[in-house]
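Just below is one structure, and these are the notes that go with it.
The values are calculated or read from the model by the stated rules, or taken from the named source; none is laboratory data. Keep in mind that this is a model prediction, so the values were computed, not measured. Note that we place each Cβ from the backbone using ideal geometry, even for glycine, and neighbour counts take in every protein chain shown.
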Amino acid sequence: MHAHQKAAWLSTLLAEEGDFATVLRGAALVVVIRVLASAVGFASVILLARWMGPSQYGRYSFAIASMVLLAYPATLGLPGAAVRFVAQYAAVVS
């Protein structure tokens with residue numbers, strides 16, 4: 001299958017109605033948003049590094065990394081517990 005045939009197949013698949021086409025369109029939108037967010041994040045890191053200089057940017061990235069490492073245990077396992085307790089409650093109620 002050549003590239004133009006693949007593109008035509010994908011465009012007809014995206015134009016269709018139905019559950020699969022809806023999921024495919026949603027997945028494509030998520031991919032586009034994630035790529036744009038990555039590009040904006042990359043550009044902001046480059047601009048910050050240029051603006052702050054090596055020493056200040058090093059301190060900044062150390063502070064951000066430290067906050068991320070401290071944020072993981074700070075949740076105290078609540079997201080996982082919430083999933084478990086909500087499922088358990090739903091099983092009891094129904």
task: Pick out, from the chain, the helices (runs of 4 or more DSSP H) lying fully within it that include 3 or more residues that are modelled with pLDDT of 85 or more and of a type in the set (Ser, Thr, Tyr).
output: 54-74
Subset of the range 24-55 [farther than 24 Å from Trp9 by Cβ and of a type in the set (Lys, Arg)]: Arg50
